[in-house]
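**Student:** Let me give you the structure first, and then I'll get to my questions.
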Amino acid sequence: MNAELFLNVENTMFTIAMAAYLASMVLYALFFVLKKDKSGKIADIIVAAAFAFHTAALVTRGIGAGRLPMTNQYEFATSFAWGICACYLVFLWRYKFRALGVFVTPVIFLIIGYAAMQSREVRELMPALRSNWLAIHVSSAIISYGAFGVSFAVSLMFLLRQKMSNSAFWQEHIPEEKRLDLISYRAVSLGFLFLTFVMISGAIWAERAWGSYWSWDPKETWSLITWIIYAIYLHLRISRGWKGKSAALFAVIGFICVIFTYIGVNTFLPGVHSYA
């Protein structure tokens, strides 16, 4: 199979994955609004299928391009959406509450929709990207952003849970506020760990590529701002037992910074990271 054929297969897999994410989002919404368990169970199956097709799309993209599919706006955006879905499925399996999908799937669909609007052209890598640090740096970012995406969804659920009635349906499908708070904290902790890897590996890579560990590029600066926000969250949580609504709002703000670091910086503050 030649490269063009692999890229054609990737395009088909990507389209199927995007359609499946949309279908799962609609089904989760029906599950949430109409309180239909069957819709939620079908949504679980479809989002898992979407993830499988999405994984196949990334693999075939990598084979067709002859490199890791993580080097431009399209590739990182689709990998970003994949990372959120991967983290969601892990948390769904670990904590077994599908209502989280109501809040996660719209985020996945919006990000993969953003990816769909980007150029899918495969271009030769610029010299700065021809490094073994690419896999470490970008893979860490995908896992980190995915975990922060889950913490964002759980925090939204926490804020909404405070206004819900204590019906049997909500008690069955949405954990109590204390458990939601704990899940969000664990997601933030995972995301923060990998974001730290992102910062360290990026600094090492920058020194080897450009001769400087830190250049105050807009993306570097906003990555640092995001890291500081989550560091404050964890510090207050650990040292002062900070929980509840304030912590949930902080997690929401943190993810907004993540989105701006990726999309906003590339759009409004171009720099040496403008290719990704």
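**Student:** Where does the longest stretch of the chain lie that holds no trypsin sites (Lys or Arg not before Pro) found in a DSSP loop with 10 or fewer other Cβ atoms within 10 Å? Don't skip to the answer; put the middle values down first.
**Tutor:** Working: sites that count: Lys96, Arg123, Lys163.
After excluding every exposed loop site, the longest remaining stretch is 164-276.
**Student:** While we're looking at this one, here's another question. Return the Cα extents of the stretch 1-86 along principal axes one, two and three, sorted largest first, each rounded to a whole Å.
**Tutor:** 47, 22, 15
**Student:** I'd like the chymotrypsin sites (Phe, Trp or Tyr not before Pro) in the stretch 166-237 restricted to DSSP loop residues with at most 14 other Cβ atoms within 10 Å, sorted by number.
**Tutor:** Numbers: sites: Phe169, Trp170, Tyr185, Phe192, Phe194, Phe197, Trp205, Trp210, Tyr213, Trp214, Trp216, Trp222, Trp227, Tyr230, Tyr233; in loops: Tyr213, Trp214, Trp216.
Passing both the DSSP loop test and the Cβ count: Tyr213, Trp214, Trp216.
**Student:** Write down the Å³ per residue value for the convex hull defined by the alpha carbon atoms of the stretch 126-276.
**Tutor:** Working: hull volume 16.9 nm³, N = 151.
Convex hull of Cα atoms, per residue: 112 Å³.
**Student:** I want to verify a result. In a Gaussian network model of the chain, Cα cutoff 10 Å, which of these has the top mean-square fluctuation: Glu75, Glu220, Glu172?
**Tutor:** Glu172
Every read-out reported here was derived from the displayed coordinates using simple, explicitly stated rules and does not represent laboratory data. Remember, it's a predicted structure, so these values are computed and weren't measured experimentally. Cβ: placed from backbone, ideal geometry, glycine included. Neighbour counts: every protein chain shown.
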